[in-house]
């Protein structure tokens, strides 16, 4: 590979494209503005760099990017316009040239309102829904990989260097796919910890990972007035400290939007919206809100000028602070038990809140509740030397034409659902805010044991599986790759982590890993060889849940891995007799049959 590509001077030629200027570089390519026959394109030249760690796969990665882009045609996704070989022998892609700002630059330079930011993310969610409906995952969503076109203010997702698609081959030797650590979902790092001794273990990237990345982007834009500045920042995916709610950092953020960002950044991926189409609907509802708090700039423009004071809590302290010591304490074994970790988290949250308030980002004093804070419009100022240019009008986001849920490529089952965040009601001055009736019910349910909660009908204790479509791609994978037929029945050890020939306890809602034993059934030996591993989740159905045959253990397996092969999405269900049920745990035989289905029962 030619290491001098970074220094290609203006006027040089790349396969007939005249280089005007460099546009950027990353771990896998350099990008230049090229001109040929009056057309301007972004010329992305494959380039191996030592940090990328895969010299032999550089060209293969570029071809995979091209393949993914050729399957897409969406106004908010960069389009390919050609490809070829540079004189150095490097592959290159010719892409649409988007003359625009990155999301971070746009927020600093155009001072958009909260509604304009929500409108941009609604369009991004629609583009992601379209992309996921075609089995493609970007895997490197971040502020620098979304451009806002200067001419019309429309967002465009760029840089598919890390993208993958259904059944694409693995190009990375590490446990995690390529990407940017700050935007990775916390479950990726959990996977690394749990599989650190398994050299061939590969994390199966999911739609839930993309949704977490969207949450990081939104959190950064809503809480940091100068996101382009290079400085250490708190990790939003830290297992020790949860990120503060955006409204706690910036009082201009509406409560409903702040709540949605918290859901996107949830540690449990099942708590996030079920797919990006559900997320788009959530954002569309927020964009349509009539509240005036959506129509003020997300940050006072004066705070977004470089050289001004930086909010204290946006930077990592240069010397050890109490907040850091609490984080370090949480990572050590605590003899006092898990309750001490909860106290540490509470203290850390209180300290973080104090830091945010000391920075002046949150208006009002202790008497102002989170729901009661009213955003104040920025004071009118005139700048004779530097006239402010109003942001380009954002065209209303049109509903996505794709209604198919995004895929969970080799993913965990999607028992979650799109979470609707109600707009908070106005609270009269001088009165403590009242919890909505649903919130009061949730608090009451949280105080009950699981059995009591089930009896009371609390939704938080839902351990019955909801009807839901099978994972995206499961039907094709079972038919084409696995050669399974609907109604096929296979014998399994239901949870390989427990004693095989015994009645064992399954925790309702918990993950299980089944394994195919050696059997005499010829059909199973051919399509489900011994050692095949099934990944799923256990549920409990009581006789009060519409079952005439009594309570049952139900296990939904949504992924399978045959020996020596990659994982595939599947729709495979076991339903067995329950011996006992106690405190959310189900006792049943650890050996049974499962059935290939086309929809979760």
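Can you spot a residue in the range 195-204 that is without any contact (Cβ under 8 Å) to a residue 60 or more places away in the chain, closer than 20 Å to residue 272 by Cβ and part of a helix (DSSP H, G or I)?
No, every residue in the range 195-204 fails to be without any contact (Cβ under 8 Å) to a residue 60 or more places away in the chain, closer than 20 Å to residue 272 by Cβ and part of a helix (DSSP H, G or I).
Filter the range 550-577 down to residues that are surrounded by fewer than 17 Cβ atoms within 10 Å (Cβ to Cβ) and over 15 Å from residue 535 (Cβ atoms) and give me whichever is farthest from the chain's Cα centre (by Cα).
Of the range 550-577, the ones surrounded by fewer than 17 Cβ atoms within 10 Å (Cβ to Cβ) are 550, 563-566, 577.
Going one step further and asking which of them are over 15 Å from residue 535 (Cβ atoms), we end up with 550, 564, 577.
Working: 550: 39, 564: 29, 577: 37 Å.
Taking the candidates together, the pick is 550.
Given the conditions (1) within 27 Å of residue 61 (Cα to Cα); (2) modelled with pLDDT of 95 or more, report the number of the one that residue 173 does not fulfil.
(2)
Restricting the first residue to the range 582-594 and requiring it to be farther than 11 Å from residue 492 by Cα, which pairs with a second residue that is modelled with pLDDT of 85 or more and assigned to a loop (DSSP other than H, G, I, E, B) meet a Cβ separation below 6 Å and a spacing of at least six or different chains?
Note: pairs meeting the criteria are 586/578; 587/579; 588/578; 588/579.
Testing residue 219 on (1) modelled with pLDDT of 95 or more; (2) more than 20 Å from the chain's Cα centre (by Cα), one condition comes back false. Which one is that?
For residue 219, the failing item is (2).
A quick yes/no check of all residues on (1) at pLDDT 95 or above; (2) more than 15 Å from the chain's Cα centre (by Cα); (3) part of a helix (DSSP H, G or I); (4) outside the structural domain of residue 568 (by TED's automatic domain parsing):
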{"residue": "209", "(1), (2), (3), (4)": "yes, no, yes, yes"}
{"residue": "228", "(1), (2), (3), (4)": "no, yes, no, yes"}
{"residue": "239", "(1), (2), (3), (4)": "no, yes, no, yes"}
{"residue": "256", "(1), (2), (3), (4)": "yes, yes, yes, yes"}
{"residue": "262", "(1), (2), (3), (4)": "yes, no, yes, yes"}
{"residue": "284", "(1), (2), (3), (4)": "yes, yes, yes, yes"}
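Of all residues being crowded, with 20+ Cβ neighbours inside 10 Å and free of Cβ contacts under 8 Å to residues at least 60 places away in the same chain in the range 143-161, which is nearest to residue 93 (Cα to Cα)? Just the residue, please.
145
Yes or no, residue by residue, for (1) over 14 Å from residue 158 (Cα atoms); (2) at pLDDT below 95; (3) surrounded by fewer than 20 Cβ atoms within 10 Å (Cβ to Cβ):
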{"site": "103", "(1), (2), (3)": "no, no, no"}
{"site": "106", "(1), (2), (3)": "yes, no, no"}
{"site": "113", "(1), (2), (3)": "yes, no, yes"}
{"site": "116", "(1), (2), (3)": "yes, no, no"}
{"site": "119", "(1), (2), (3)": "yes, no, no"}
{"site": "122", "(1), (2), (3)": "yes, no, no"}
{"site": "128", "(1), (2), (3)": "no, no, no"}
{"site": "131", "(1), (2), (3)": "no, no, no"}
{"site": "141", "(1), (2), (3)": "no, no, no"}
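Quick check on the range 32-47. Is at least one of its residues surrounded by fewer than 18 Cβ atoms within 10 Å (Cβ to Cβ), modelled with pLDDT under 95 and assigned to a loop (DSSP other than H, G, I, E, B)?
yes
Restricting to the range 578-601, and then to whatever is in contact with a helix residue (DSSP H, G or I) (Cβ under 7 Å, 6 or more places away or on another chain) and surrounded by fewer than 17 Cβ atoms within 10 Å (Cβ to Cβ), can you tell me which residue is nearest to residue 534 (Cα to Cα)?
Of all residues in the range 578-601, those in contact with a helix residue (DSSP H, G or I) (Cβ under 7 Å, 6 or more places away or on another chain) come to 583-584, 596, 598.
Filter again for surrounded by fewer than 17 Cβ atoms within 10 Å (Cβ to Cβ), leaving 583, 598.
Details: 583: 26, 598: 17 Å.
Among residues in the range 578-601 that are in contact with a helix residue (DSSP H, G or I) (Cβ under 7 Å, 6 or more places away or on another chain) and surrounded by fewer than 17 Cβ atoms within 10 Å (Cβ to Cβ), the one nearest to residue 534 (Cα to Cα) is 598.
Among the candidates 294, 203, single out the residue that is touching a strand residue (DSSP E or B) at 6+ places or on another chain (Cβ under 8 Å) and either modelled with pLDDT of 95 or more or within 18 Å of residue 139 (Cα to Cα) (or both). Don't jump to the end; show me each part of the working.
Working: 203 fails: touching a strand residue (DSSP E or B) at 6+ places or on another chain (Cβ under 8 Å).
From the options 294, 203, the qualifying one is 294.
Against the condition in the same structural domain as residue 261 (by TED's automatic domain parsing), surrounded by 19 or more Cβ atoms within 10 Å (Cβ to Cβ), under 26 Å from residue 96 (Cα atoms) and within 17 Å of the chain's Cα centre (by Cα), how does residue 185 come out, does it pass? Spell out how you get there, then give the answer.
Details: in the same structural domain as residue 261 (by TED's automatic domain parsing): yes; surrounded by 19 or more Cβ atoms within 10 Å (Cβ to Cβ): yes; under 26 Å from residue 96 (Cα atoms): no; within 17 Å of the chain's Cα centre (by Cα): yes.
The answer is no for residue 185.
Kindly evaluate residue 270 against the criterion of being surrounded by fewer than 16 Cβ atoms within 10 Å (Cβ to Cβ), outside any loop (DSSP other than H, G, I, E, B) and either within 22 Å of the chain's Cα centre (by Cα) or modelled with pLDDT of 95 or more (or both).
Details: surrounded by fewer than 16 Cβ atoms within 10 Å (Cβ to Cβ): yes; outside any loop (DSSP other than H, G, I, E, B): yes; either within 22 Å of the chain's Cα centre (by Cα) or modelled with pLDDT of 95 or more (or both): yes.
Judged against the criteria, residue 270 is a match.
The values are calculated or read from the model by the stated rules, or taken from the named source; none is laboratory data. On a predicted model such as this, the values are computed, not experimentally measured, just so you know. Quick reminder, even Gly has a Cβ in these numbers, built from the backbone with ideal geometry, and neighbours come from all protein chains shown.
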